[in-house]
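Right, one structure below, let's go through it.
The values are calculated or read from the model by the stated rules, or taken from the named source; none is laboratory data. Just so it is clear, the model here is predicted, and its values are computed rather than measured. Cβ: placed from backbone, ideal geometry, glycine included. Neighbour counts: every protein chain shown.
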Protein chains: 2
Amino acid sequence: MTNGVEWVAVDWGTSNLRAWGIDADGNAVFSRASPQGMGKLTPDQYPAVLTELLADAVDHPVDALICGMAGARQGWLEAPYLDAPSELTHLAAGAVAPAMPGSTIRPRILPGICLRDVGAEDVMRGEETQLLGLAALRPGFDGLVVMPGTHSKWALLEGSRLTRFSSAMTGEIYEVLKTHSVLRHSLQGELEGPDRDTGFEAGLDLGLDRPDRLTGLLFKVRAGALLSGRTAPWCAGFLSGLLIGAEIGGHRDWIGSTEIPLVGSVAISKLYQRAFRRIGISSRIVDATDATLAGLKAARQG
Amino acid sequence: MTNGVEWVAVDWGTSNLRAWGIDADGNAVFSRASPQGMGKLTPDQYPAVLTELLADAVDHPVDALICGMAGARQGWLEAPYLDAPSELTHLAAGAVAPAMPGSTIRPRILPGICLRDVGAEDVMRGEETQLLGLAALRPGFDGLVVMPGTHSKWALLEGSRLTRFSSAMTGEIYEVLKTHSVLRHSLQGELEGPDRDTGFEAGLDLGLDRPDRLTGLLFKVRAGALLSGRTAPWCAGFLSGLLIGAEIGGHRDWIGSTEIPLVGSVAISKLYQRAFRRIGISSRIVDATDATLAGLKAARQG
C-alpha cells in the first residue's frame with residue numbers, strides 16, 4: 001500500500017461520507033464513498049467508520065482533512081463557526097482535531113462560517129470549503145456564487161474572502177411539501193415526463209414574478225390538479241419551478257453583472273441555470289466535487 | 001325525542017364532524033361532535049357515522065344540510081364546485097343528495113366554489129358557507145374577508161356575492177416545517193412561554209417587510225437557535241409570525257379600507273389581528289361556528 005498517498009481529503013456530510021487519497025502532486029489516487037453520514041452516527045462511531053473506509057487504502061500515518069457536518073454540534077467534534085466576513089484561506093486555523101487512539105489517521109475537521117448579527121443569523125458548514133475551492137479554481141473571481149441544494153446558499157466572494165451569505169430552504173421545502181402536505185395527492189407516482197418541463201416553466205414564471213405570494217401560489221399545485229387535470233409530473237415541475245423562482249426572485253438585489261458560478265448537483269444546477277437564463281442572467285455550472293476537493297487542498301496549504 | 005328539531009345543520013370537515021339540530025325559530029336545540037372527519041372515512045361509511053351521531057337526537061324525518069369536505073371528490077359524494085364569481089345565496093341549488101337507504105335522515109351536501117382561470121386556479125369547500133353566513137350576519141358588508149387556517153382564504157365579498165378569492169398554505173406550511181424539516185430541532189418540547197410573543201413579533205416584522213424572501217427567512221429559525229440561543233417557544237413564535245407576516249405582506253393589494261372580518265379559530269385569528277394592527281389595519285374576529293351555522297341556515301332558505 002505504498003501508494004504515494006500524502007493525505008486524505010474527506011467530505012463528511014449529513015447523508016454521505018466521501019474520501020480521496022491525495023498524492024504529492026495533488027492528484028486523487030483513490031476515492032471511497034459510504035452512506036455513513038453525520039445523520040446516522042453518534043460521536044463515538046466516527047473513528048471506526050473512518051478507519052474502515054480507509055482500511056484497504058492507507059496503512060501509513062496520514063492527515064485526514066475533513067469538511068462538512070462532521071464538525072457540527074451533533075457531529076463528531078464541534079468545530080466552532082468562524083465569523084463572516086472571513087478570509088477562507090485561513091479556514092484550517094479554525095480546525096479541531098478529534099482523537100483517534102491507536103490509529104495512523106490524524107483527523108482535523110474544518111469549521112463552518114456564520115453570520116451572528118441578531119435577526120440576520122445564518123450558518124454554512126461544508127459550503128465554505130467549496131467556496132474556497134472555487135476561489136482556487138477561478139483566481140480573481142469577485143461576485144455572487146449560488147449553491148443550489150437542500151439549503152441553498154447565496155454567497156458574495158471577493159477572491160478568497162467571503163463577505164456575506166444567505167441561505168434558502170428551497171430544496172427542503174420541496175421535499176416536505178411533496179411528502180407530507182396536501183400537495184402530495186397531486187405528486188403521486190411517476191414524476192418524470194414531458195409535462196414536467198411545462199410545469200417547471202409555469203411555476204418558474206410565477207415564482208420569479210411574485211416571490212412575495214409564495215404561500216398562496218403553492219396551493220396552485222393542488223388547485224391545478226383538481227381543476228385543470230394537471231399530471232403528477234406537471235405538478236412536480238411546477239412546485240420545483242415555483243420554489244426556485246421564488247428563491248431567485250427574492251434575492252434579485254444580490255445579483256450583479258458577473259456570470260454566476262453554480263455549485264451543486266448538476267441536475268439541480270441545470271434548473272437554476274434555466275431560471276437565471278429566464279431573467280437574462282448568465283451562469284456556469286461548477287462540479288461540486290471539484291470545488292470540494294480544490295477547497296480541501298487549498299485549506300491544507302493555507 | 002319530539003324536540004322540535006326541524007332540520008340538522010352539519011359541518012363535515014377533513015378532521016371533524018359537527019351537527020346541530022335546528023328548531024322552527026332557527027335556534028340550535030342540540031349539538032353533536034365527532035372526530036370522524038372526511039380524512040378518516042371511505043364513502044360507504046358516511047351513512048352509519050351520521051346515523052350514529054344523530055341516533056339519540058332525532059327519530060323523525062329530517063333534512064340534513066351539510067357543508068365541507070364531505071362533498072369533495074374523495075368524500076361521501078362529490079358536490080361539484082360552482083364557479084366564482086358566485087351568488088352565495090344560490091349555494092343550495094348546487095347541492096347533491098347522497099343515498100341513505102332506510103334512514104329518516106335526508107342528507108344534502110353543499111358545493112364548494114372554484115376559480116377555473118388556468119394559472120390562477122383556486123378552490124374552497126366549507127368557507128363558502130361561512131362567507132354566506134357572514135353576509136347574513138353583516139348585511140350590506142362589502143370588502144375583504146380573511147379566513148385564517150390550514151389553508152387560509154382571502155375573499156372579496158359584495159354582499160352575498162363572492163367575486164374573487166385566494167388561498168395561502170400558511171397553517172399547513174407551519175405544521176410540516178415544524179414536524180418534518182430541519183427546523184424541528186429548534187421546535188422541540190414545550191412551545192408556549194413568554195418568549196413566544198417576542199419571537200412572533202420578530203418573525204412578523206420580517207415577513208411583513210420581506211414576504212419575497214420567505215424561503216431564506218425560514219432558515220433564520222435554525223440559525224437563531226444555533227447562534228443566538230433562541231428557545232423553542234421563541235422559534236415557534238418566530239416561525240408562526242414569519243409565515244403570517246409573509247401571507248399578509250404578499251396580499252397587500254387585496255386590503256381595502258374596510259375593517260376586515262377574520263373568520264377562523266379564535267386563537268389563530270388573534271394572531272392575524274395582531275399582524276393587521278401592526279400595519280395599521282383594523283380587523284374583527286367573527287366566531288367561525290357562528291358563521292358556519294348562519295351560512296347553513298341562509299343556504300337552506302336561499
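Please enumerate the residues belonging to the range A:201-237 that are surrounded by fewer than 24 Cβ atoms within 10 Å (Cβ to Cβ) and not in a helix (DSSP H, G or I).
Within the range A:201-237, A:210, A:229, A:231 qualify.
State whether the residues of the range A:214-222 include one that is polar (S, T, N, Q), farther than 28 Å from residue B:244 by Cβ and more than 24 Å from the chain's Cα centre (by Cα).
Within the range A:214-222, not a single residue is polar (S, T, N, Q), farther than 28 Å from residue B:244 by Cβ and more than 24 Å from the chain's Cα centre (by Cα).
Looking at A:240, A:228 in this structure, which one is of a type in the set (S, T, N, Q) and either at pLDDT below 95 or not assigned by TED's automatic domain parsing to the domain that holds residue A:173 (or both)?
Just one listed residue meets the conditions, A:228.
Among the residues of the range B:111-135, which ones are at the interface with chain A (Cβ under 9 Å from one of its Cβ atoms) and either more than 18 Å from the chain's Cα centre (by Cα) or free of Cβ contacts under 8 Å to residues at least 12 places away in the same chain (or both)?
Passing the criteria: B:116, B:118, B:119, B:120, B:121.
What residue, among those in the range B:153-187 that are facing chain A (nearest Cβ under 8 Å), touching a residue at least 60 places away in the same chain (Cβ under 8 Å) and not hydrophobic (A, V, I, L, M, F, W, C), is surrounded by the fewest Cβ atoms within 10 Å (Cβ to Cβ)?
Only one residue fits best here, namely B:166.
Suppose we filter the range A:12-32 for residues that are exposed (fewer than 15 other Cβ atoms within 10 Å of the Cβ) and within 17 Å of the chain's Cα centre (by Cα); how many remain?
1
Checking residue A:40 against (1) closer than 22 Å to residue A:150 by Cα; (2) touching a strand residue (DSSP E or B) at 6+ places or on another chain (Cβ under 8 Å); (3) more than 14 Å from chain B (Cβ to nearest Cβ): exactly one of these is not met. Which one?
So residue A:40 meets the others, but not (2).
Is it true that residue A:87 is more than 14 Å from chain B (Cβ to nearest Cβ) and surrounded by fewer than 18 Cβ atoms within 10 Å (Cβ to Cβ)?
yes
Quick one: would you say residue B:150 is farther than 23 Å from residue B:266 by Cβ and β-branched (Val, Ile, Thr)?
No: the conditions fail for residue B:150.
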